[in-house]
């Protein structure tokens, strides 16, 4: 009996059970159970986290991976769909990370949303989202992955539109759904191709059978799915708009877990991409473009949550670049470390926003280092981890990625863009810290600002520990799957750090300009490009619907109603027949001459034609 | 009219057609035709109304021109082939001339122009005789000679159908509408003549029945234009109920008996690989159907509780014998289920 696999599998099933129980509790008609749901949910997630540490340690100790087939769901003669769970490196490591982050966020939510009348429902939604995410991560077949995929998409919609009385929130939720849907087309394309050509949706069979096929089409579908879900360039506007949702939603979904689902899909199916240089180059260039574009947009934003959102988008682009380098392990590493510091950045932002009476504009913050010392310190730690400060969490993943990029023989333009984006990361991070915590306060002294509530401080503390140590812990315990290139010229080795420091210095210089008037008028063109997000939403969100509506009007009104149904249809019959009718009846003039003439001419004509 | 004169004229009318039916010599046939013309002229002009006299004059001129052409053509045939037999016209020239002349007599397009004017000038009874009885004798001749010139026959038929359809759409006078309807029906008869003479006879028979019913209906209702049809529901509700059926039967709508000749003709045309002709024929039937429908509309859609179209008329007792109207209306509505029996009436004819 293999005890280790048994313990592994049963602990993971226990996690599912623990997470599902509160949901089932809400289905009971007894209202008493729903009152303390926030406690119940947080406790469930905390318990699930500790349970998930058991498989993690078993895996770290023995390297055990397991695949569980639970139930034969739909089995036909030619095609099987089962419920199968894959507990490999990626899911075993990701689940504790996700649960830890979720635990912290849920504790924070009980403070952030404590005034909300529907708080129980909020917790329920977050829990359902978490279950869907875990289903996605542990899926061993494409069908189950698709279930998780759609689940997180729907929950994202519901949670972004939480304050549905606000029109912007509804628009943002709809935007999220539409952009995700476009990506879903890619996923469904890939699934259909696999079902037709490889006759299975189970990953093991996919990997073994795919070597003989040309996989460009399904891989393009998967890249499209990742573009939609992970907000790569082209389908990226939904992520900054998703900041309309409450801060816990932004922290959980749109920084740590949901948006990495697309990257996770590519990581899971990376064996398919090994031999396809086209797809790898696509990922590389798409990721590079995303990272530099969103970092550019982040430079001039004034809403603190939007800056963090663009930062998320930029890091997602970096993950895509890593996939393009054929280094899925590094991308996964970055997912895990990024979850910690990004969630912490969001929680700090949430704490700041709530303390300032829901003020989100950084131009109206300032001096919070004196008033919220712990929060602003954690903000600084998170920003440092984000920029890849040596030996914080982000350094281990980000530096490894940039080293791999520098030593590869791939697209140099992607390299340049990525380094530029790294510099921009430092710039906007410093901008946030400068505007928020340094200087003098620029807000009205209305509400009492304090850090006394442990419900908000403990999560941030936990995530701060994670932001500092997670990178070290993960890299120390799990060896990389692909051999990294260790020797390189000194400048290449120091490239990431150099670029970050250059960015930092530039940002400091720019920050010092805020108190001087260097020029009479600022340079507005580039500022407008960056501030208006490259004009991408302005153009696409208006052009596409307008074109479609005009086309619809042309088809429905002009083509069908006016042309087919009037001019060429029924009215044409009437209008074509009227002249014939009037000429036939006007032939009668009442004179005998007409009759005889017609007789005469008909006679002559027929004789000439038929006889002669 | 003086009953003696009337009986002589009617006997002359009957004798003329019978003589033409029984003849195998061209001169005898011509004689029958002339007797018909001469007998009906006093009938037309009996009311001494200027319009009636004008109609009679026009009719006389047209029919005599046609008869003279027939005489000329048969003489030409006698000169070319040496015999006066009706069924043995061999040379195309007399064939063409006789066909055109008989078309003028019948009122086939493009020689139909006189028919609406003449029928308009007559009272409904004489119009009935003109439209039904006077068509029999020339048709007998046409069926016997069976001209072998497909282009001529088909084009005469098609042009008649189309002219009858388009022409009738612009009129409100019922007699003119019925004249154009007869042009259209004659077109249907012509089109199939070269393939199946029995179908032509069937079409002629059905046409006679339906037109009789139409004329008798309008005579009962004493209406000669569509406006006066509007109050017919007050005069005779039962006729108002049945007359639309009869009119739609004229239009060739199943399941009424007017559908029978049209159906069989289209079937015959399709069998003879003349799909386009069949299609044009069917589409032109739509044209005439529209003006029949318009008459039906005036009859029925103006009944109460719609707004009254006119003052309620005097409902006087009608002295008209109802048997012919009843018989012809029922025949024109109900004959479709026994179509094999009807077809067998004309099948052994030729």
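Per residue of peptide A:589-596, the mean number of Cβ atoms on other chains within 10 Å of the residue Cβ is 5.
Subtracting the Cα-Cα distance of residue A:70 and residue A:3 from 0.36 nm times their residue separation leaves 22.3 nm of extension gain. All C-alpha pair distances within the stretch A:517-566, sorted into 5 Å bins from zero, spread as 5, 17, 12, 12, 10, 9, 8, 7, 6, 6, 4, 3, 1, 0 percent across the bins. Expressed as a whole percent, how much of the Cα-Cα distance distribution for chain A exceeds 38 Å? Pairs farther apart than 38 Å: 38 percent. Projected label points at residue A:519 and residue B:72, each 7 Å from Cα along the beta carbon direction, are separated by 10.4 nanometres.
Model label points for residue A:494 and residue A:213, set 7 angstrom from Cα along the Cα-to-Cβ axis, are 5.0 nm apart.
Relative to the longest principal axis of the Cα atoms of chain B, helix B:3-22 runs at roughly 50 degrees. Out of every Cα-Cα pair that the stretch A:310-372 contains, those further apart than 17 angstrom amount to 53 percent. Entry note: the stretch A:194-315 has Rg to Rh equal to 1.06, where both radii use alpha-carbon atoms and Rh is the Kirkwood radius.
So if I average 1/r over every pair of distinct C-alpha atoms in the stretch A:528-601 and take the inverse, what Kirkwood radius in Å does that give?
Values: mean 1/r = 0.0566 Å⁻¹.
So the Kirkwood estimate lands at 17.7 Å.
Counting only DSSP H runs of at least 4 residues, each contributing -39500 (n - 2.57), and dividing by the residue count of chain A, the helix-based mean residue ellipticity at 222 nm comes to -23000 deg cm²/dmol.
Out of every Cα pair in the stretch A:246-363, what percent are spaced more than 20 Å from each other?
On the way: 3055 of 6903 pairs.
Result: 44 percent of Cα pairs exceed 20 Å.
In the stretch A:206-261 the Cα-Cα distances spread across 5 Å bins starting at 0 as 4, 17, 21, 18, 12, 10, 8, 6, 3, 0 percent of all pairs. Which residue, B:311, B:96, B:183, tops the fluctuation ranking in a GNM of chain B built on C-alpha contacts under 10 Å? Result: B:311 has the largest fluctuation of those listed. Only alpha carbons enter this Debye calculation for the stretch A:569-611, each as an equal point scatterer, and the log10 of I(q)/I(0) it gives at q = 0.28 Å⁻¹ is -0.89. Legend: P(r) of the stretch A:308-435 from all alpha carbon pair distances, 10 Å bins from 0, whole percents, reading 13, 43, 27, 13, 3, 0. For the stretch A:371-502, the normalised intensity computed at q = 0.21 Å⁻¹ comes to -1.26 (log10 of I(q)/I(0), Debye sum over alpha carbons, equal scatterers, no solvent).
Relative to 2.2 N^0.38 Å, what does the C-alpha radius of gyration of chain B come to as a ratio? Two decimals please.
On the way: Rg = 20.0 Å, N = 350, 2.2 N^0.38 = 20.4 Å.
So the Cα radius of gyration is 0.98 times the expected 2.2 N^0.38 Å.
Extension gain, residue A:121 to residue A:546: 0.36 nm times the residue separation minus the Cα-Cα distance gives 149.3 nm. What 222 nm value per residue comes from the helices of chain B, counting each DSSP H run with n ≥ 4 as -39,500 (n - 2.57) and dividing by all residues, nearest 500 deg cm²/dmol? Helix-only estimate at 222 nm: -24000 deg cm²/dmol. The angle between the Cα long axis of helix A:3-27 and the main principal axis of chain A comes to about 70°, on a 0 to 90 degree scale.
Sorted fewest first by neighbouring Cβ atoms within 10 angstrom, B:294, A:431 come out as B:294, A:431. Between residue B:84 and residue B:347, the FRET efficiency estimated from the beta carbon spacing at R0 = 22 angstrom works out to 0.15.
Residue A:147 to residue A:275: extension gain in nm, 0.36 nm per residue of separation minus the Cα-Cα distance? Mind dumping the intermediate values first?
Values: separation 128, 0.36 × 128 = 46.08 nm, distance 2.82 nm.
Here the answer is 43.3 nm.
Between the Cα long axis of helix A:119-138 and the first principal axis of chain A there is an angle of about 90°, rounded to the nearest 10.
What Kirkwood hydrodynamic radius, in Å, does the stretch B:1-130 give when the mean of 1/r is taken over all pairs of distinct Cα atoms and then inverted? The partial results should precede the final answer.
On the way: mean 1/r = 0.0648 Å⁻¹.
So the Kirkwood estimate lands at 15.4 Å.
So what is log10(I(q)/I(0)) for the stretch A:474-612 at q = 0.13 1/Å, when the Debye sum runs over its Cα atoms only? Taken in order of the listed q values, log10 I(q)/I(0) reads -0.98.
Rule-based calculations on the coordinates, nothing more; no lab input. What you see is a predicted model, and the numbers here were worked out from it, not measured in a lab. Glycine also receives a Cβ, built like all others from the backbone with ideal geometry; neighbour counts cover every protein chain displayed.
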